[in-house]
1. Residue under question is Thr230, and the condition is that it be in a loop (DSSP other than H, G, I, E, B) and surrounded by fewer than 19 Cβ atoms within 10 Å (Cβ to Cβ); does it hold?
2. Any idea which residue in segment 281-327 is nearest to Ala78 (Cα to Cα), counting only those that are of a type in the set (Asp, Glu) and touching a Lys or Arg at 6+ places or on another chain (Cβ under 8 Å)?
3. Could you tell me which of the residues Glu192, Glu184, Glu169, Glu174 is under 29 Å from Thr24 (Cβ atoms) and open to solvent by 30 Å² or more (accessible area, probe 1.4 Å)?
4. For Gly212, only one of the following conditions fails: (1) closer than 25 Å to Pro313 by Cα; (2) touching a residue at least 60 places away in the same chain (Cβ under 8 Å); (3) surrounded by 18 or more Cβ atoms within 10 Å (Cβ to Cβ). What is its number?
5. State the number of residues belonging to segment 156-166 that are in contact with a Lys or Arg (Cβ under 8 Å, 6 or more places away or on another chain) and open to solvent by 10 Å² or more (accessible area, probe 1.4 Å).
6. Report, by residue number, each residue of segment 249-262 that is at pLDDT below 95 and open to solvent by 50 Å² or more (accessible area, probe 1.4 Å).
7. Does Val312 satisfy being open to solvent by less than 20 Å² (accessible area, probe 1.4 Å) and more than 19 Å from Gly57 (Cβ to Cβ)?
8. Where residues in segment 301-327 are among the charged types (D, E, K, R) and under 19 Å from the mean Cα position of the chain (by Cα), which of them is nearest to Ala241 (Cα to Cα)?
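The values are calculated or read from the model by the stated rules, or taken from the named source; none is laboratory data. All of these numbers come straight from a predicted model, not from anything done at the bench. Neighbour counts are summed over all protein chains in view; Cβ atoms, including those assigned to glycine, are modelled from backbone coordinates with ideal geometry. Keep in mind that these areas ignore ligands, DNA and RNA; they rest on the heavy atoms of the full protein, side chains included. Shrake-Rupley method; radii C 1.70, N 1.55, O 1.52, S 1.80 Å.
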Amino acid sequence: HLLKKDCVGCHGGAGAATIDGAGTPIVASAAMPSYPPDGSASSALAGGNFYWVLADGTRGHNCLAIPGTASDPALTLAPGYHGDQSACGVCHNYPMENNYLPGGMPPGATAPQDCEGCHLRISSCESCHRPAHHAPDGGPGPVGEAGGWYRFLISSYHPDPVLGVVGIEDPDWEQTVSAADHNEYNGASSPEGYPDHSLSHFCAGCHGDFHGNHNSLHGDGASPWIRHPTHIALPASGEYALYNTADGATPGPYDPMVPVARDPGVLPGMAAASAQVTPGSDQVMCLSCHRAHGSPYPDALRWDYDTCNATVPNPDCGCFVCHTSKD
């Protein structure tokens, strides 16, 4: 409340630079950032940029706190929402995994807009972030509650510690990025396990049908999959065992364009980012395919899915980093 600006006032920029002179990350640029990230001063950061959402609301989270952002009247609930629940019920009432917030819907809430911002329009930055700029970060290593949570990812509307995210924060928000220079994300303790402070379960607060066993036809985690698996370990067999292979015989290094989440039993022991990916332990997560803020592509995808054609070599298609036999 002592700040002279709101979130966008500090994290928006007049040009394409993605870190300003004060060292503040810029996520709402007035000019188009560089994409894919190239390490330049205008290189898009890990979460992408709301620049593309302002140009096309289908390319990321349409945060209405950013001037010029349009709501989407065609949507009444967040994509991938539990269809039989109210907007608030995804956290408060759902009978399976999301029942850790007691008390039912807020008093008098009858529609999505009554839940202050925990709905598809993400009306403010605080729907996802609870700024704690003076928290003792404590790095290197994973950032948790004592550091204000990873990237402050805990809703200001529901600052319950069970909802906070744990991870290792890259110092320049992945403006410069390589196999050993990137964020590290906490994985899920199980496909449906709560609470576990994983990034994907945080996303599942709104997009509840896009994680864990919900992606399986019968909800049991078995094939066939009707949505791409998340919260699932990258298989240690077949094409997946050769994640990012260069020679077709051995696994390659971590690819920041297609990040993985670490097993929650592994991440606490990590002091810094690792260039190694371990199939069978490291997990596919929401951010393996999407940018949290926005990207040049529909649905905030990390790459142009329309150019991903099986059997056609395409180094810009992230699908082939895991599906190594398809390229």
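1. Values: in a loop (DSSP other than H, G, I, E, B): yes; surrounded by fewer than 19 Cβ atoms within 10 Å (Cβ to Cβ): no.
Here the answer is no, as Thr230 does not meet what is asked.
2. The extreme case among them is Asp299.
3. On the way: Glu192 fails: under 29 Å from Thr24 (Cβ atoms); Glu184 fails: open to solvent by 30 Å² or more (accessible area, probe 1.4 Å); Glu174 fails: open to solvent by 30 Å² or more (accessible area, probe 1.4 Å).
The match here is Glu169.
4. Going through (1) closer than 25 Å to Pro313 by Cα; (2) touching a residue at least 60 places away in the same chain (Cβ under 8 Å); (3) surrounded by 18 or more Cβ atoms within 10 Å (Cβ to Cβ) one by one, Gly212 breaks only (1).
5. Residues of segment 156-166 in contact with a Lys or Arg (Cβ under 8 Å, 6 or more places away or on another chain): 156, 159, 165.
Applying the additional criterion that residues be open to solvent by 10 Å² or more (accessible area, probe 1.4 Å) yields 156, 159.
Number of matching residues: 2.
6. The first filter runs over segment 249-262 and keeps only residues at pLDDT below 95, leaving 249-252.
Ala249, Thr250, Pro251, listed by residue number.
7. On the way: open to solvent by less than 20 Å² (accessible area, probe 1.4 Å): no; more than 19 Å from Gly57 (Cβ to Cβ): yes.
Answer is no for this residue.
8. Applying the first criterion (among the charged types (D, E, K, R)) to segment 301-327 yields 302, 304, 306, 316, 326-327.
Then keep just the ones that are under 19 Å from the mean Cα position of the chain (by Cα); that gives 302, 304.
Details: Arg302: 22, Asp304: 24 Å.
Here the answer is Arg302.
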